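Structure first, then comments.
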Amino acid sequence: MADAEPGASPANEAGFMDAVRSFLGKLAFDPAARSVLSRFSGEWLVPRWRQIGLSLLVGAALAVSTSGYPMIIKAAFNSIGQGDMGPLRWVLAGIIAVTAMRGTCLFLHQTISNRTIFRLGTDLQTNAFRHLISADYARFSREGTGHMVSRLTSDVGVIQGACQATLNTVVRDTLTVFGLVGYMIYLDPVLSTIVLGVMPIAVLPIVLISQRLRRVAKATQHEVGEMTAALTEKLAGARLIKTFRLEDYATRKLSENFEQIFKLRMKAVRAKARLGPMLEACAGLAIAGVIALATWRISTGISSTGDFMAFVTALLMAASALRSVGSFSSGVQDGIAALERLYSLLDEKPGVVDRPTARPLALSKGSIAFEHVSFAYEQRADLPAVRDFSLRIPGGKTAAFVGRSGAGKSTVINLVPRLFDVTSGAILIDGQDVRDVSLQSLRNAVAIVSQDVTLFDDSIRANIALGRLDASHEDIIAAAKAAAAHDFIMAQPQGYDTVIGDGGMRLSGGQRQRLALARAILKDAPILLLDEATSALDTESERLVQDALARFTTNRTTLVIAHRLSTVQRADIICVLDGGAIVEVGSHAELLNRDGVYARLCRAQLLIEADSPSAALN
């Protein structure tokens, strides 16, 4: 890999890519780090070469202006030593000019570099979120929400900090060191030789400590993810924690995460703290040697006092900049660790994707056929959640799934829109394997309402409109009325413009579920999936919603999981599951007459007397 000057202006994008990759590659101490830095520079830095190049140019001007201070010091002391006050006005003018130039360059450099880095971080977060939200649904059950939030916030923040340190340190401080060392060599090559002879001694501790810092940084980022996950979990469970008086327990559990992060950060602090004294000692050796030799040279008339003061000023300024360069490596190691975690996310390939020959779903009647379907979750491959499941649901009919908790009801429903792919067998919609049609067309044909309602911290109007983003206000109102939600919406402070809080926390459970129903009704999809969609409704609201659903599901294929007899007995087909397999299929009357599993479930829940709309079936 060829050497590249950090301050060189790129002639073209390819040349800049080579320069960036070459320089960043040399900052790493193992092939994995070089690989991730090279990839990051090619994907994220090279497209911004104009902004980075401008920052480099301003940084170079800043380094030049900084290097002007020793020249002014030399002129001032030579003038004073010779007793000639005439040049003093030019010295004062030079100080003002250098200060003004340095101030202007500092402003421009901070503005340009920060804009570049903030835009980089924003684009990184957007790209990572797009990749994450497009991943398989199964991914969200493997890793907690807190871990994913940490990837998009903490890790990206560390990467931003490393990039910012690179622009500030590599550009400004490194060029300042080069400029000042060059001027020192020009002033006195002999003294400069002493200084340059000490500098290599400082390289070894920087390399060794940087390697340790990277390991600590990687562990810290992982622990921050653990802490974010635990914190999210505990805050979401505030109701349970307060009701069961678990405040001390929750605090104790979180404090363990906080304490672990504290210990890891102190490891990094101790490693960084060792670096400062080492660099300070090297600087002290260089300065002591310079003073001893300079004193002798001045006494013999070889050098002047102005030369000596200019040299010492340049040396002290270079030492300060060099310390920044030395401590910069710790930020790079943090950034590498964060990049490795982020790329582990970006490199994940979803399993549920369109086949190369996928075509749009062609709907006619909306019939659904399960043909010997089996499915096992990745975490429990040896324990199928669905086993040899075969069922045909004619288009426009309603099929209800009942059974004990864990029988596989929700899994069967989730397989229809390909939230998971079947392990074996096939699911056909109007004779088309759902794996052979495009995901977009398949999911456009399906609406789902689950027991766990998902609402966002937005207005009621916006939450209903998620069913169809281009819906008019009149369509939204019609859907709300169909879901028996319009009256309670109009009773809100701002009606449809009322913001409902995180997860709809400002609404009751029944109100949240009716908004979810309104969203599904607005989508007007030919296939409707209801996963205990009326579980949180009171008797009166359920009656209104059941009437609305009866109208809405007419000529619409509906798969419903319900624990209320009023919903189940209206179904055209009732499918009883146990252990992921079908044990009974038939109508409500047929299954009662068989006196099998379904009838026993009804008796266990006191439903055999029929029309009890509030009774539970499972």
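The values are calculated or read from the model by the stated rules, or taken from the named source; none is laboratory data. It should be emphasised that the depicted structure is a prediction, and the values quoted were computed from it without experimental measurement. FYI the Cβ positions are ideal-geometry reconstructions off the backbone, even for glycines, and counts take in every protein chain you see.
Side notes on the structure shown:
- Scanning segment 420-436 for residues that are in a strand (DSSP E or B) and either of a type in the set (A, V, I, L, M) or in contact (Cβ under 8 Å) with a residue 12 or more places away in the chain (or both) yields Ser424, Gly425, Ala426, Ile427, Leu428, Ile429, Gln432.
- Test: residue in segment 392-404 that is without any contact (Cβ under 8 Å) to a residue 24 or more places away in the chain, in a loop (DSSP other than H, G, I, E, B), under 30 Å from Arg359 (Cβ atoms) and not aliphatic (A, V, I, L, M): no
Rundown of residues vs (1) over 19 Å from Tyr183 (Cβ atoms); (2) touching a helix residue (DSSP H, G or I) at 6+ places or on another chain (Cβ under 7 Å); (3) modelled with pLDDT of 80 or more, yes/no style:
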| site | (1), (2), (3) |
| --- | --- |
| Ser65 | no, yes, yes |
| Ser79 | no, yes, no |
| Gly83 | yes, no, no |
| Leu88 | yes, yes, no |
| Ala93 | yes, no, no |
| Ile96 | yes, no, yes |
| Arg102 | no, yes, yes |
| Phe107 | yes, no, yes |
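- Counting only helices (runs of 4 or more DSSP H) that fall entirely inside segment 134-200 and contain at least 3 residues that are modelled with pLDDT under 80, the qualifying elements are 139-142, 145-150, 174-187.
- Verdict on Ala358 being surrounded by 19 or more Cβ atoms within 10 Å (Cβ to Cβ), within 25 Å of Ile429 (Cα to Cα) and more than 21 Å from the chain's Cα centre (by Cα): no
- Residue count for segment 330-355 satisfying the condition of being among the basic types (Lys, Arg) and surrounded by fewer than 16 Cβ atoms within 10 Å (Cβ to Cβ): 2.
- So Ile464, is it at pLDDT 90 or above and in contact with a helix residue (DSSP H, G or I) (Cβ under 7 Å, 6 or more places away or on another chain): yes
- Any hit, segment 121-128, residues being hydrophobic (A, V, I, L, M, F, W, C), modelled with pLDDT of 80 or more and part of a helix (DSSP H, G or I): yes
- Among the residues making up segment 377-391, those that are assigned to a strand (DSSP E or B) and surrounded by fewer than 22 Cβ atoms within 10 Å (Cβ to Cβ) are Arg387, Asp388, Ser390, Leu391.
- Segment 302-314, residues that are modelled with pLDDT under 75 and either within 39 Å of the chain's Cα centre (by Cα) or part of a helix (DSSP H, G or I) (or both): Thr305, Gly306, Asp307, Phe308
- If the condition is being surrounded by fewer than 18 Cβ atoms within 10 Å (Cβ to Cβ) and either of a type in the set (A, V, I, L, M, F, W, C) or farther than 27 Å from Ala589 by Cβ (or both), then segment 392-417 contributes only Gly406.
- Ser299 vs. criteria of a type outside the set (D, E, K, R), under 37 Å from the mean Cα position of the chain (by Cα) and at pLDDT below 90: no
- Taken residue by residue, segment 471-490 has at least one member that is in contact with a Gly (Cβ under 8 Å, 6 or more places away or on another chain), in contact (Cβ under 8 Å) with a residue 24 or more places away in the chain and either closer than 23 Å to Arg443 by Cβ or in a helix (DSSP H, G or I) (or both).
- Condition check for Ser450 on (1) of a type in the set (Ser, Thr, Tyr); (2) within 23 Å of Ile574 (Cα to Cα); (3) surrounded by fewer than 17 Cβ atoms within 10 Å (Cβ to Cβ): one failure, at (3).
- Residue, surrounded by the most Cβ atoms within 10 Å (Cβ to Cβ), within segment 123-140, restricted to residues that are within 25 Å of Arg48 (Cα to Cα) and touching a helix residue (DSSP H, G or I) at 6+ places or on another chain (Cβ under 9 Å): Leu124
- Residues that are over 21 Å from Glu532 (Cα atoms), more than 29 Å from the chain's Cα centre (by Cα) and crowded, with 19+ Cβ neighbours inside 10 Å within segment 482-518 comprise His486, Ile489, Tyr496, listed in sequence order.
- Residue that is farthest from the chain's Cα centre (by Cα), among those in segment 554-601 that are of a type in the set (Gly, Ala, Ser) and assigned to a helix (DSSP H, G or I): Ala589
- Which listed residue, of Ala548, Ala525, is crowded, with 17+ Cβ neighbours inside 10 Å, touching a residue at least 40 places away in the same chain (Cβ under 8 Å) and assigned to a loop (DSSP other than H, G, I, E, B): Ala525
- Search result, residues across segment 354-376 that are part of a loop (DSSP other than H, G, I, E, B) and under 27 Å from Asp524 (Cβ atoms): Asp354, Ala358, Pro360, Leu361, Ala362, Leu363, Ser364, Lys365, Gly366, Ser367
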